[in-house]
C-alpha cells in the first residue's frame, strides 16, 4: 500500500510536497529550486518574521533554516501562494469601504492558499510525531479550515451557515472532486479501467451512510412533528447522536491505525525512508519540527482572522450579489476553499494513484461528516449555541440521495471517465437545486453579537 | 458476448423482432419464408396501407431483399401471431365514430397499438442492419421506446402532463419489476439446477444511471414539498428543464461510452451477409429480412398508425377512467404499460428461458434506463418547446415509489446472478406497487381536463 496512505486516516493533506513538485516541474526536485521562484513573488509578509535565533536542532538536513529560509520554504514555494496578498487586502478593503461583497470574495481568496499551507505544515509535523499522533493530526487538522470557519460562524450564532457550509463541503468532495478525479484520470488512462481499493471505499461509504442516519433522525423527528418536547428533543437527540458519531470516528481511527501500524516506519534520524518507495513524493520533511509547529500556529491564526471577516460579510455578499446565502454556503464557499484539494486529487488520478485521490475526496467527506459536524454540535453545546443535526428536509434529502449515488458508484472498485462525468453532472443538478432553493431559516437569521 | 448486444445500446427492440417471430411460429430456427402458410390463416388485409410500391427497389444485396409489395406485407404484417390484434386498431376508430363509448375505444386502441409497437421494433431492428453499428445503436436507443414517446407527445399536446408523467413512470416500473421479475422467474424455473448469470458491469452501469435519474426527479419534488422554492412555481420548472438537459447530456455520454467500448467488436453488414456464420450458435436470423427502403417505409407507416391510435387513446383515457371506475393514475401507471409492453415482456421471458439473460436484461433494464434518462427529459424539453409546463416534479408519492424501486432493483442486480426466487420477489414487489396505485388518489389528474389541441 502506498506509504502516503499509511499516515493514519487518508486525509486530503498528504499532498503538500507533491503539489509543490508538481506545480513546478513535475519531477522529484528538491524544494531548493524554489529560490528562483522567490524572486518572482514580492516579499509580502514583512510583518511576519518572528525571531527565531536559536532553533533547537532536529537533526535533519534542513533544520538550520534561518527565518528567511523557512519563509521561503513555506511561503514562496507554491504558486498558489500568489493568492496570499488577498488576505491583508481584504482587511484593508474592509476598513476602507463598506463593500461586503468584495471583502467576502477577497477573504475567500486569501484563505485558499493558507488552507493549503496549513495542510502542508500539518503533514510536515506528522513526519516527526510518528504514525499515531501523525495520523491523528491529519485526521483532525485535515479539514481545519472548514472547522475554523464553522467555529467563527457558531460564535456569531449563524448555525445555519455552519450546517450549510459543512454540507456543501461534503457534497463538493463527494461529487465534484471525485468526479473530476475519475474523469481526468479516465481520460488520461484511456485504455484501461482504473482500480482503487474497494475495501477502503466501502468502509468510507458505510461511515457516510451512518452520518446520514445521524442527520436523518432529527430532521424526520422534526418534520413529523412527533417530538416529545418540541424544540428541545431534537437538540438533545442531536447532541447525543453527535457524541455517538464522534465515538464512531475515534473507533474508525483506531481501526485504521491498528491495521496499518506494522507497515509504517517512523522517520529515522537520517531520513531512512527516502529510498524506500518508488513514488515521486518527497518523503523527507522539509522543515524542522518546531518550525512546523510555529507555522501551524501562524497559519491557524491567519485563517482565523480571515474567517472572521468571511463570516461577518457573508450576509452582505449575499445581498450584493443577489444569490441566496444557502447557495453561497453550500456551493461557492466549498469550491473555492477546497481548490487545492481539488487540484491534487485530479493530479493523483492522472498519475494513476486513485487510492490517494479517493483518500482526498471521500476521506475528507467522511471526516467532515463524522467528525466535523458532530464536533461543531458539541462546540455549540459548550458555547451555548443551539446547533443541532436537523439540517432541514431539503438538505437532508440532498445528502441522502448523494451518499447513496456515490456509495453505489464506488462499490465496484473501478473507475472510468464516464463515471466521473456522471458524478460531475450530478453535482450540477445539486448546484442548480440550491440555486433555486430559498432557505427559510438562513434568510432571516441575522448575525447576533459575538459572545 | 452476444452479437445482438453489439448493436449499440441494448435496446429492447433489437432482439425481439426476429426471435419473437420465429418463436411465435415454431420455436425453432426456420427462416421466415414460411409465413406464406400463415398468411392464409389471417384474412384481413390492411387495406388502408397500400402504397404504390413498384418493383424498382434498390437491391440491398441480401437473400430476401427483393420483396415485392405483397412479399413485404407478408413478411412484416403476417409473420407474427401478435398481428392478429392489428384489426383492433381500425375497429377502435370505427367504434369511436359510431358510439360514444370511451371505455371501449380506449381498450381497442390499446389492443391495436400492441402489435404495431412490436412491428415498429422489428422495422427498427431491420433498419439497424443496414446502417452500421453507430447509427444502428442510435436508432435503437431512440426508437426503442418510440411507442411510449409517441403516446406521451400526444398527451403533452393535449396538455395532460400528469398522464405523461404517470405513463412514463409506469413504463419504468413495469420494466424494472414485472418484466425483469417474470424473466428471472421463468428462466430460473427452466434452468432449475444452476444460477443464471448476467453481465454485472452492464447491470451496474444501468443501475447507476437509474439512480441518477432518481436524483434528477427527486430535487424538484423535494424543492416543491419543502416549500423552499425561490419563486413558487417557476423555480421547479426552471430546475426541471435544467436537470433534463443535464440528463440528456448524460444519456448521450452513455451512448458514446457504450459505442466506443463496443466498436471494435462489431462489424457492419457486408454485401453478402458475411457475418451470417459468425453468430451461428444463436437461433436468431441475423440477416435482414426486408430491404433498407422497405424498413424506412414500414417505419414511417407504423409510426403514423401508432400516432393515430395514440390520439384516440389519449382522448379517451378520461372517459375510460370514468367508465371503468378506475383512477387515471392506475390506468396510466399500471394498465397502459402492461398492455403496451406485452411484446417486450414476452421476448424477455423467452430469452431468459433460453439462458440468454443478458438480452433479457437489456430488454428490461435497458428500456427503463432509456425512458428515465432519455424519455422523461425529452418530454420535458418537448413540453418546453410546446409551451407546456411539464416538469420533473412527479409528486411525492410517485417519486418515493420510483426511489424505493430503483434501490431494490439495483440491490438485486448487483450480484450478477439470478434465480426464480429473485424473480418472484420482483414480481411480488410489483404487485405491491400496483396495489398502492390502485388505492392512490392522484389529486392533480382528477381535475385535469383535456385542453383543446393546439
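The values are calculated or read from the model by the stated rules, or taken from the named source; none is laboratory data. Source: prediction; values computed, not measured. So basically every Cβ, Gly included, is an ideal-geometry build from the backbone, and we count neighbours across all protein chains shown.
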- Evaluate the stretch A:78-95: report whether one residue or more is touching a helix residue (DSSP H, G or I) at 6+ places or on another chain (Cβ under 8 Å), buried (at least 23 other Cβ atoms within 10 Å of the Cβ) and closer than 30 Å to residue A:386 by Cα. no
- If you scan the stretch A:263-301, which residues turn out to be surrounded by fewer than 22 Cβ atoms within 10 Å (Cβ to Cβ) and modelled with pLDDT of 70 or more? A:289, A:290, A:293, A:294, A:296, A:297, A:298, A:300, A:301
- How many residues are buried (at least 20 other Cβ atoms within 10 Å of the Cβ) and either closer than 15 Å to residue B:393 by Cα or at the interface with chain A (Cβ under 8 Å from one of its Cβ atoms) (or both) if we restrict to the stretch B:248-262? 2
- Note on the structure: Taking the stretch A:400-433 and the residues there that are more than 9 Å from every other protein chain (Cβ to nearest Cβ) and either touching a strand residue (DSSP E or B) at 6+ places or on another chain (Cβ under 8 Å) or more than 20 Å from residue A:364 (Cβ to Cβ) (or both), the one that is modelled with the highest pLDDT would be A:415
- For residues that are modelled with pLDDT under 85 and either over 14 Å from the mean Cα position of the chain (by Cα) or within 22 Å of residue A:93 (Cβ to Cβ) (or both), tally how many sit in the stretch A:326-347. 4
- Among the candidates B:177, B:211, residue that is part of a helix (DSSP H, G or I), under 27 Å from residue A:411 (Cβ atoms) and within 11 Å of another protein chain (Cβ to nearest Cβ): B:211
- Conditions (1) within 14 Å of another protein chain (Cβ to nearest Cβ); (2) crowded, with 23+ Cβ neighbours inside 10 Å; (3) closer than 15 Å to residue B:251 by Cβ -> residue B:172 fails only (1)
- Message: Just to check your reading of the model, which residue among A:167, A:216 is touching a residue at least 24 places away in the same chain (Cβ under 8 Å), assigned to a helix (DSSP H, G or I) and within 21 Å of the chain's Cα centre (by Cα)?
- Response: A:167
- Message: Kindly evaluate residue A:323 against the criterion of being part of a helix (DSSP H, G or I) and within 14 Å of another protein chain (Cβ to nearest Cβ).
- Response: no
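Output the residue which, of all residues in the stretch B:231-244 that are in contact with a helix residue (DSSP H, G or I) (Cβ under 8 Å, 6 or more places away or on another chain) and facing chain A (nearest Cβ under 8 Å), is nearest to residue B:385 (Cα to Cα).
Going through the qualifying residues, I end up with B:242.
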- Could you please find all residues in the stretch A:386-399 being surrounded by fewer than 21 Cβ atoms within 10 Å (Cβ to Cβ) and more than 14 Å from chain B (Cβ to nearest Cβ)? A:386
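Yes/no per residue for (1) at pLDDT below 85; (2) out of contact with any strand residue (DSSP E or B) (no Cβ under 9 Å at 6 or more places or on another chain); (3) within 14 Å of chain A (Cβ to nearest Cβ):
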| site | (1), (2), (3) |
| --- | --- |
| B:119 | yes, yes, no |
| B:129 | yes, yes, no |
| B:147 | no, yes, no |
| B:164 | no, yes, no |
| B:227 | yes, yes, yes |
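When residues of the stretch B:304-315 are filtered for being under 14 Å from residue B:102 (Cβ atoms) and crowded, with 24+ Cβ neighbours inside 10 Å, how many remain?
Residues that pass the stated criteria total 2.
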